[in-house]
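Values quoted throughout were computed directly from the atomic coordinates according to the rules given, and no laboratory measurement underlies them. Just so we're clear, the structure is a prediction, and the values are computed from it rather than from any experiment. A quick note on method: Cβ atoms are made from the backbone with ideal geometry, for glycine too, and the neighbour counts reach across all protein chains shown.
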Amino acid sequence: MNQDIQAAARPPLAGVRIVDWTHILAGPYATYILAVLGAEVIRIERHDECDIIRSTVQDPKLAAFELGEGFVMQAAGKKSIAVDARDPEVRAALGRLIASADVLVENFRPGKLASLGFDPQELVERHPELIVCSITGYGQTGERAGRRAYDHVIQAASGLMAANADAQGRPQRIGLPIIDYATGTQAALGIIAALHRRARDRLDGQVRRRGEWLDVAMHEVALTLSAQTFASHAVSGIARKATRSTAFSGNPLSGTFETAKGYLAIVCNSEAQNSAFLRAMRADGVEAPEVERLAHLLRDRAVEDVHAWLAPVLARREAVQWEAFFRVHEVPAAEALSPAAAYEAVKNDRARWPEVELANADGRKVCVPGAGFDSSLTLLPPLTAPPLRGEHTLEVLRGAGMDARTLESALARGAIRHPWPAGERKTA
């Protein structure tokens, strides 16, 4: 086996253990990225109720297994334990589990984890090799720390909704939890950076006296993500008005336009792209005087007049046909697909969208998001099915030092949960 094959056979995060004490979206997405890259991810869940991302489900067949569709999209490759963290014996086992981990990821409000007996500051002082990543709405410090925050709230507080205003200037929420996903991505990036720093310290022979605590705030991530929306104000003191359909270049050809069937997004942000569009119009048989009139309108940046010129032209074909036409003429354009259509268009790319079988539920096969990038060296591992709540409770807690008698006692008093298959004897 040559070196390239050996490298490909070992995923980048193989051997890294992540304890995932998160819920809903941003935190679980961060740990999902790490699972896709080969880390062992152990998800801590409540014994008495399931995460809202589990219980939000459209398909009643999946509801019986607490496998909400959103959960399925970000939980493959993980293990799950369901426990009462306030139970003394369980809490002791969780302490041992965290001590065995490389990373603990949590997204409670500041102070909550400490109230459960796991203060992040104390953890990194006690375990010099441990990385703790805390995800909150507004960070661990400052006057906003501790405020409840969700994606929608952060979109409003960060100015993102105002930047996405409609034609009447009313702030509009972006129609997906983009801040949750961006925060999860930044958290995963911070964790990987911390793992790299730890590995470098080991190579340099440095003795770490304390672990590392990462403070990831959704609000800060949102501002970082949307820096272009306030760049003019920050740099020049000039506020820029923007609406959801207006390109930052201000080019009238950039926007979303109605066609004979469906909507088409066109982006022309430079003179070269304008010229390509004009050539495409000539190739499509538009008479020279009309093309020249459009060129004049573009020079004047007459937005309404350009859009009025485009309307009857684009009405001649469907969006999918225009997309193919403009692709030939090197004009950036795409049909505005529904989320379902976009998924169907890419799910067959097995290299980037791994397929998982819900073997612990009804056996259906689902394509789930991959790493979002490809590599000439990295062969990512196949992902196990998204876990049932508590599916790995006994396995993980045994590994954390709980013997059979202690596990039986914890099961009997309801301090831990394990989803027993039909007909299986309920014993630890």
Whole-Å distance, taken between Cα centres, linking region 185-227 and region 67-96: 23 Å
Whole-Å distance, taken between Cα centres, linking region 98-116 and region 360-392: 25 Å
Using alpha-carbon coordinates, inclination of helix 26-36 to the longest axis of the chain, degrees: 80 degrees
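Using the Kirkwood formula on the Cα atoms of region 226-373, what hydrodynamic radius do you get, in angstrom to one decimal?
Details: mean 1/r = 0.0554 Å⁻¹.
Across region 226-373, the inverse of the average 1/r is 18.1 Å.
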Summed residue charge, Cβ within 13 Å of residue 294's Cβ, Lys/Arg positive, Asp/Glu negative: -1
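What is region 153-199's relative contact order, in percent, from Cα pairs under 8 angstrom and six or more apart in sequence?
Numbers: 25 pairs, mean separation 11.4, N = 47.
Value for region 153-199: 24 percent.
Using only DSSP helix segments of four residues or longer, with each worth -39500 (n - 2.57), what per-residue ellipticity at 222 nm results for the chain after dividing by its residue count and rounding to 500?
Values: 20 runs with 179 residues, N = 428.
Here the helix-only value at 222 nm equals -12000 deg cm²/dmol.
How high is the relative contact order of region 263-334, given as a whole-number percent (alpha carbon pairs under 8 Å, six or more residues apart)? Provide the component values of the computation, followed by the final result.
Numbers: 48 pairs, mean separation 37.2, N = 72.
Relative contact order for region 263-334 comes out at 52 percent.
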For the chain, fraction of C-alpha pairs farther apart than 27 Å, in %: 62 percent
Dipole of region 263-334, positive direction: furthest Cα of 295, 277, 328, with charges on the beta-carbon: 328
Percentage relative contact order, the chain, counting C-alpha pairs under 8 Å, at least six apart: 20 percent
Degrees between helix 88-99 axis and first principal axis of the chain (Cα, 0 to 90, nearest 10): 60 degrees
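Of 79/112; 79/347; 261/365, which sit over 27 Å apart, Cα to Cα?
Working: 79/112 23 Å; 79/347 24 Å; 261/365 32 Å.
261/365, as the Cα separations exceed 27 Å there.
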Within a Gaussian network of the chain (alpha carbon springs, distance under 10 Å), most fluctuating of 238, 44, 135: 238
Estimated dipole of region 263-334 in Debye, rounded to 20 [Cβ of Lys and Arg +1, of Asp and Glu -1, Cα centre]: 120 debye
In sequence order, calculated HN-Hα J values of region 66-81 (Karplus, 6.51, -1.76, 1.60; Hz; x Gly/Pro): 6, 10, x, 4, x, 5, 4, 6, 9, 10, 4, x, 9, 9, 9, 10
Span from the region 33-62 Cα centroid across to the region 276-344 one, whole angstrom: 44 Å
Rounded to 10°, Cα long-axis angle of helix 178-203 versus longest principal axis of the chain: 60 degrees
Given charges at beta-carbon only (K, R positive; D, E negative), |dipole| of the chain in Debye: 700 debye
Within region 5-93: Cβ-based charge dipole about Cα centre, in debye rounded to nearest 20 (Lys, Arg +1; Asp, Glu -1): 380 debye
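Please report the net charge: other residues with Cβ closer than 12 Å to the Cβ of residue 221, K and R +1, D and E -1. Kindly include the intermediate steps, with their values, before the conclusion.
On the way: positive: none; negative: 151, 180, 215, 220.
Once positives and negatives cancel, what remains is -4.
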